[in-house]
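Student: Below you'll find the structure I mean.
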Amino acid sequence: MSTEKTEGIVIKQTDFSETSRVVTFYTRDHGKISTVAKGARRLKGPFEAAIDLLAASRIVFIRKSSSSLDILTEAQFISRFRPNGRSLGSLYGGYYVAELLLGLTEEYDPHPVLYDEAIRVLACLSEDTDEKLPVLRFELVTLREIGQLPSVDVCLVCNEPVENAGTYAIWVTQGGLICRNCQKQEYSGNRIQAGTIAIFRRLAGETESAWKNIKISPQQFKELRKISTSAICHALDRRPKMLRYLQN
């Protein structure tokens, strides 16, 4: 056993006993971890707001060498997710972030970039802003970090580079694009314009702020949402529960 210190976001809570809870964190240094928070269900427990859903905290935990749960020993509150009260989409967006981190990441597989992106998107969702682009950005960064982001550089069939004009088809299960010359009739429902592909690259890119001033048309957003939803569902092997609330 070893004692570890890190920062983490609470992505799930479940009751464990009359006095304790299992708290799952997505941490910066260790990825996803599941811990027993002893005494957390008491009226004046030792952790309080530090283990609320989507709270960010500095934590200390004892990492078990076996398959048993780690033990949370300290949790110091950093910040709380405060959804914008004017938009239910802000609240649903936060829950969606937690669902993706829970479902798409592995235990002890750290992705500091993904942790930082989660902190940023939760802060963005707390502001008086449209949640659509921040959530889409988080989806694409998540897919990139876990190696499931569709490739948009060359055609999957002929290997020709993607150009700055024209129409392509997305084949999510194979992880990329198909040019017009290689398309078959069954791909007609998954068309994407070259301009949308350029926006896709910016949204999924490593530069933190390059996407924030993007101007996007309703049609481009529809195309991007179709790609991202298909890729997320393929990676999860199911449709995320919170997605329908966001789309409504």
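Student: (1) more than 25 Å from Gly103 (Cα to Cα); (2) of a type outside the set (S, T, N, Q); (3) at pLDDT 90 or above; (4) surrounded by fewer than 12 Cβ atoms within 10 Å (Cβ to Cβ): which one isn't true of Arg239, the others all being true?
Tutor: It fails just one condition, (1).
Student: A further question on this structure: For residues that are over 27 Å from the mean Cα position of the chain (by Cα), of a type outside the set (Lys, Arg) and not in a loop (DSSP other than H, G, I, E, B), scanning just region 156-186, find the one that is nearest to Arg225 (Cα to Cα).
Tutor: Thr167
Student: Scanning for something part of a loop (DSSP other than H, G, I, E, B) and of a type in the set (Val, Ile, Thr), does region 88-104 turn up at least one residue?
Tutor: Looking for residues that are part of a loop (DSSP other than H, G, I, E, B) and of a type in the set (Val, Ile, Thr), one finds none in region 88-104, hence no.
Student: Among residues belonging to region 136-166 that are of a type in the set (Val, Ile, Thr) and modelled with pLDDT under 95, point out the one that is nearest to Leu203 (Cα to Cα).
Tutor: Going through the qualifying residues, I end up with Val152.
Student: Here's something else I'd like to know. Have a look at Asn181, Asn164 and point out the one that is in the same structural domain as Glu106 (by TED's automatic domain parsing), touching a strand residue (DSSP E or B) at 6+ places or on another chain (Cβ under 9 Å) and surrounded by fewer than 17 Cβ atoms within 10 Å (Cβ to Cβ).
Tutor: That would be Asn181, the only listed residue that is in the same structural domain as Glu106 (by TED's automatic domain parsing), touching a strand residue (DSSP E or B) at 6+ places or on another chain (Cβ under 9 Å) and surrounded by fewer than 17 Cβ atoms within 10 Å (Cβ to Cβ).
Student: If we keep just the residues of region 54-91 that are of a type in the set (D, E, K, R) and over 20 Å from the mean Cα position of the chain (by Cα), which is farthest from Ile11 (Cα to Cα)?
Tutor: Selected residue: Arg86.
Yes or no, residue by residue, for (1) among the hydroxyl-bearing types (Ser, Thr, Tyr); (2) touching a strand residue (DSSP E or B) at 6+ places or on another chain (Cβ under 7 Å); (3) at pLDDT 90 or above; (4) not assigned by TED's automatic domain parsing to the domain that holds Leu101:
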site	(1), (2), (3), (4)
Thr3	yes, yes, yes, yes
Phe25	no, yes, yes, yes
Leu43	no, no, no, yes
Ile51	no, yes, yes, yes
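Student: If you don't mind, another one. Residues of region 211-231 being of a type in the set (D, E, K, R) and within 19 Å of Val121 (Cα to Cα), which ones?
Tutor: Result: Lys212, Lys215, Arg225.
Student: Which residue pairs have Cβ atoms closer than 8 Å, lie 6 or more positions apart in sequence or on different chains, and pair a first residue in region 56-73 that is farther than 20 Å from Ala98 by Cα with a second residue that is among the basic types (Lys, Arg) and surrounded by 17 or more Cβ atoms within 10 Å (Cβ to Cβ)?
Tutor: Ile71/Lys38
The values are calculated or read from the model by the stated rules, or taken from the named source; none is laboratory data. Keep in mind that this is a model prediction, so the values were computed, not measured. When we count neighbours, we look across all protein chains shown, and the Cβ atoms used for this are built from the backbone with ideal geometry, even at glycine.
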